[in-house]
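Report on one structure; see the data block that follows.
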Amino acid sequence: MFLCLLSAFALSQAFRTVTSIIAGGLRADFGISPDSLGAFAGLFGLSFGVTQLLMGIGMDLYGLRRTVLAAFPLAAIGAAVSAGAPSYGWLMLGQLLIGVGCSPAFLACTVFISRHFPAQRFAFFSGVGMGVGGLGLIFTGTPLAWLVQHGGWRLGFGVLAVLCLLSWLLIYLRVHEPELPQAADRPKESWAQAASRFAELFRMPHTWGILILGMCCYAAFLSLRGLWLGPLLMGRFGLSLVESGNVALVLSLIALFVPALFGRLDPGPRHRRRWITSFALLMAGLFSLMAFLHHAAAMVVLIFVMGMLSGYSVLQYADVRSSYPAEVTGRALSLYTMSMFLGIALMQWLTGLLAAWAQHQGHDPFQAVMLCIAGMLAAASTAFRVLPQSPSLPPRRAS
């Protein structure tokens, strides 16, 4: 059942990274500017993030299977709308539908893990899930680049629409989640009661540091892989679409394995938060280096190194799992996932605006983008370090 749920997450990964490969085709067909391209990429994260709370409540009230089956057809419809889009507005509508349709995909996997696997193995199985979901990133590497080069970007969306329907059918046939024993003894909540329990999370002081960093870490990597990788390699170094797709493919292969590796290396609650802030600051430094690096081979090596380090984000899910009581874990994971994708929307939209401004001013747009990402990561890491942590975690050591 877990692997069946992961098929939807893999397609969600494909949709959220498709822009870096089809950006040239969108600019050619619709004449869109960098800020419009950033808005297009960011709309997936925005629609995905805004609907997370609804999906979390839906999973609590109706179960994982029903929630995914109800929402995921919208992803197939959105992909079909995008494939036939006559204008930029229709393209944005398709992206909106895709984001809503994919919104329960990974949340369903993490809630499934929290309910059916031991707590001490949460980081490992989350890493495995993120790794298997990375198969969607592989599709948006060389395979999608080849499809776009030979059949156009619309064909890519058409193939994704068909894959969505196949994934939905697989979940319908194979996922039959057993009812939890405690569910039979608990009165069914209303939507208003479920929403009020989400509000309780915001009254916990340690929630804010978790959400602030959650908005930046995965967003930084996804803004590179899902939006700026192709334009950077083609615009700064003159690589072809397929060559850029090859780099994306290798980066995606790396992403298959590093989350599980970080999950296995999880140092536990006492040291996990220090690991998270250290890796976030290291990634900020690498993005700063990327802003000024103008050697193609060195840039590709740096991108692969960043891919190897990106798996640390799985530790953030483990931190959320350890920071809240078991009865609100699902909602806390839902809220954290919402922050991740709202952060993606914000970062991709903001970097698109900065790229357009820099281009208009005669500056290197990619330098502005990378410095913006580095600054956001550094600020979020600092906030996470100084804001309160959960009282259920071991106290910080005096510095």
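Here, the stretch 302-399 yields an orientationally averaged convex hull projection of 8.3 nm² when only Cα atoms define the hull. Averaged over residues, the count of other Cβ atoms within 10 Å places the peptides 236-243, 77-84 in the sequence 77-84, 236-243, highest first. Over all other residues within a Cβ to Cβ distance under 15 Å of PHE117, the charged ones net out to +2, with Lys and Arg as +1 and Asp and Glu as -1.
By the equivalent-ellipsoid construction on the alpha carbon gyration tensor, the stretch 17-125 comes out with semi-axes of 32, 15, 10 Å, ordered largest to smallest.
FRET efficiency for the MET1 to GLN359 pair, using the beta carbon distance and R₀ = 51 Å, is estimated at 0.60. Set Lys and Arg Cβ to +1 and Asp and Glu Cβ to -1, take the dipole of the chain about its Cα centre, and tell me which of GLN348, SER36, PRO391 lies farthest positive. Result: PRO391. The length gained by stretching the chain between ARG203 and HIS271 to full extension, at 0.36 nm per residue less their Cα-Cα distance, is 22.0 nm. Of (1) 1.01; (2) 1.17; (3) 0.94, which is the value of Cα Rg over 2.2 N^0.38 Å derived from the coordinates here? Computed from the coordinates, Cα Rg over 2.2 N^0.38 Å corresponds to (3). Each residue of the stretch 303-309 is assigned a 3J(HN,Hα), and the resulting list reads 4, 5, 4, 5, x, 5, 7 Hz, derived from the Karplus form 6.51 cos²θ - 1.76 cosθ + 1.60 (θ = phi - 60°), x at Gly and Pro. For the pair the stretch 12-36 and the stretch 104-156, the centres of their Cα atoms are 20 angstrom apart.
Once you keep just the Cα pairs under 8 angstrom separated by 6 or more residues, what percentage relative contact order results for the stretch 49-120? The normalised contact order for the stretch 49-120 reaches 35 percent. Considered as an equivalent ellipsoid built on the Cα gyration tensor, the stretch 58-122 has semi-axes of 31, 11, 7 Å, the largest given first.
Label zone (GLU327, point 7 Å along Cα-to-C-beta; backbone nitrogen cut-off 17 Å) within the stretch 194-233: 194-204.
Within the stretch 332-399, the trypsin sites (Lys or Arg not before Pro) that combine a DSSP coil assignment with at most 16 other C-beta atoms in a 10 angstrom radius are ARG396, ARG397. Working from Cα pairs under 8 Å separated by at least six residues, relative contact order for the chain is 29 percent. Taking Lys and Arg as +1 and Asp and Glu as -1, the other residues whose beta-carbon sits under 14 Å from that of GLY263 total +2.
Coordinate-derived values only; no laboratory data. Keep in mind that this is a model prediction, so the values were computed, not measured. Cβ coordinates were reconstructed from backbone atoms using ideal geometry, including for glycine residues, and neighbour counts include every protein chain displayed.
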